[in-house]
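Chemist: Here it is, the structure, as structure tokens.
The values are calculated or read from the model by the stated rules, or taken from the named source; none is laboratory data. In this text, all values refer to a predicted model and were calculated from it rather than measured experimentally. With ideal geometry, Cβ positions are generated from the backbone for all residues, glycine too; neighbour counts draw on all protein chains shown. To get the accessible areas, we keep the full protein, side chains included, count just its heavy atoms, and leave off ligands, DNA and RNA. Shrake-Rupley method; radii C 1.70, N 1.55, O 1.52, S 1.80 Å.
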Amino acid sequence: MPNPLAGRDIVAINDLSQAEIRLILTHAARFEHWCQEEPKLDLLRDYILATLFYEPSTRTRLSFETAMHRLGGDVISVADARLTSSAVKGESIADTARTIATYADVIVQRHPQPGSARQAADAIDIPVINAGDGAGEHPTQALLDLYTVQRERGQLDGLRIGLAGDLKHGRTVHSLARALAHWDVALTLISPPALAMPAEITGELRQRGLAPQETADLEAAMPACDVLYVTRIQRERFADPAEYERLRGSYVVNRALIERTNPDITVMHPLPRVDEIATDVDALPGAAYFRQAANGVWVRMALLTLVMDKQLQEIWR
Ligand code: NCD
């Protein structure tokens, strides 16, 4: 079967069909399994990954780099491109990408401006993977989120999923909500009205047959959720610090709330958390957020090998 992801950019989650998403998740499961026995593989030995991050990151950059190291490839990295790359001198996103494309075989980019990943992708021929473009999208996070839901709950179809917190600025939930529209899920959007999911996205979801419920009442929504996906209020996206202060702490998920409303709930979070999930949740069996972060490696191994067109069927014994 030809590999539909060979040489592709991953800029927005809607760049991928449901079949392509399934392909990535299937390969991720194989990598998870395989790495238990053989933590370092040789599949991308001749390749170089460039990570170019203009915004802070712990998990996304390090899990991409871990994935590349586990695949036997090499990594070049600018972790604080806003300060140390030629962007400081006024270089455009396109020119920086054109230059890096002469060094590396694939670029993973994070930048504060929505549309920045598309700009880089349009400027060069090698694959560009969007690791977050401001309040726009974060497609690879959505892939690892789907993988985690499947891993924790055994399925996607039939689940009731709540997305809570800053749905306005949170790029992870923008990508995840769109990704979930491929499955038969019941979606509840939980946020203060000022941080609601953009109408453009809810409109798209409705058109695709996923009519989300919207509410500000987290406690009332919890009993009707199998999975609760909590997000951080995105301080860096607020023009007015007073508005952030007003909205921070809107929701706090703690152990008492879970025990009172839905002890079986699976709690996810893209991390970092600030105070929206209390640390007394961490020991509950449903607290999946650190397992979720670990899953990023398998999903990114799958993505890198597929985009670099490694014929995996020859490799799986
Ligand atoms: C998220 C991000 O950068 O959008 N983190 C991540 O990639 N795991 C979430 C956040 O910063 O709140």
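Chemist: Quick test of your reading of the structure: residue 200 fulfils all but one of (1) within 19 Å of residue 266 (Cβ to Cβ); (2) open to solvent by 70 Å² or more (accessible area, probe 1.4 Å). Name the failing condition by number.
Modeler: In the conditions (1) within 19 Å of residue 266 (Cβ to Cβ); (2) open to solvent by 70 Å² or more (accessible area, probe 1.4 Å), residue 200 misses (1) alone.
Chemist: Open to solvent by less than 20 Å² (accessible area, probe 1.4 Å), part of a loop (DSSP other than H, G, I, E, B) and in the same structural domain as residue 171 (by TED's automatic domain parsing): does that describe residue 210?
Modeler: So residue 210 fits the description; yes.
Chemist: Residues in region 30-40: is at least one assigned to a helix (DSSP H, G or I), buried (at least 16 other Cβ atoms within 10 Å of the Cβ), more than 16 Å from the ligand (Cβ to nearest atom) and of a type in the set (Asp, Glu)?
Modeler: Within region 30-40, one or more residues are assigned to a helix (DSSP H, G or I), buried (at least 16 other Cβ atoms within 10 Å of the Cβ), more than 16 Å from the ligand (Cβ to nearest atom) and of a type in the set (Asp, Glu).
Chemist: Tell me yes or no: at least one residue of region 91-109 is within 16 Å of the ligand (Cβ to nearest atom) and either surrounded by 15 or more Cβ atoms within 10 Å (Cβ to Cβ) or outside the structural domain of residue 171 (by TED's automatic domain parsing) (or both).
Modeler: Yes.
Chemist: Could you please find all residues in region 168-186 being buried (at least 24 other Cβ atoms within 10 Å of the Cβ) and more than 12 Å from the ligand (Cβ to nearest atom)?
Modeler: If the condition is that a residue be buried (at least 24 other Cβ atoms within 10 Å of the Cβ) and more than 12 Å from the ligand (Cβ to nearest atom), then 177, 180 are the ones that fit.
Chemist: Conditions first: (1) open to solvent by 70 Å² or more (accessible area, probe 1.4 Å); (2) modelled with pLDDT of 95 or more. Residue 84 passes all but one, so which condition is the exception?
Modeler: It is condition (2) that residue 84 fails.
Chemist: Tell me the residue from 284, 271 that is touching a residue at least 24 places away in the same chain (Cβ under 8 Å), more than 16 Å from the ligand (Cβ to nearest atom) and surrounded by 15 or more Cβ atoms within 10 Å (Cβ to Cβ), please.
Modeler: 284
Chemist: Let me ask something additional. With respect to residue 163, is the statement that it is within 12 Å of the chain's Cα centre (by Cα) and open to solvent by less than 20 Å² (accessible area, probe 1.4 Å) true?
Modeler: It is false that residue 163 is within 12 Å of the chain's Cα centre (by Cα) and open to solvent by less than 20 Å² (accessible area, probe 1.4 Å).
Chemist: Out of region 137-165, which residues are in contact with a Leu (Cβ under 6 Å, 6 or more places away or on another chain) and either within 12 Å of the ligand (Cβ to nearest atom) or without any contact (Cβ under 8 Å) to a residue 24 or more places away in the chain (or both)?
Modeler: If the condition is that a residue be in contact with a Leu (Cβ under 6 Å, 6 or more places away or on another chain) and either within 12 Å of the ligand (Cβ to nearest atom) or without any contact (Cβ under 8 Å) to a residue 24 or more places away in the chain (or both), then 142, 145 are the ones that fit.
Chemist: If you don't mind, there's one more thing I want to ask. Give the number of residues within region 42-54 that are touching a residue at least 60 places away in the same chain (Cβ under 8 Å) and either more than 16 Å from the ligand (Cβ to nearest atom) or surrounded by fewer than 19 Cβ atoms within 10 Å (Cβ to Cβ) (or both).
Modeler: Here the count works out to 4.
Chemist: Then there is this: Can you find, within region 224-256, the residue that is least open to solvent (accessible area, probe 1.4 Å) among those that are more than 14 Å from the ligand (Cβ to nearest atom), in a loop (DSSP other than H, G, I, E, B) and over 27 Å from residue 160 (Cβ atoms)?
Modeler: Residue satisfying both the conditions and the ranking: 240.
One line per residue, one yes/no per condition, for (1) within 13 Å of the chain's Cα centre (by Cα); (2) farther than 20 Å from residue 169 by Cα; (3) charged (D, E, K, R):
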| residue | (1), (2), (3) |
| --- | --- |
| 65 | no, yes, yes |
| 72 | no, yes, no |
| 78 | no, yes, no |
| 90 | no, yes, no |
| 97 | no, yes, no |
| 144 | yes, no, no |
| 147 | yes, yes, no |
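Okay, residues lined up against (1) hydrophobic (A, V, I, L, M, F, W, C); (2) out of contact with any Lys or Arg (no Cβ under 6 Å at 6 or more places or on another chain):
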site: 48; (1), (2): yes, yes
site: 59; (1), (2): no, yes
site: 63; (1), (2): no, no
site: 67; (1), (2): yes, no
site: 76; (1), (2): yes, yes
site: 103; (1), (2): no, yes
site: 123; (1), (2): yes, no
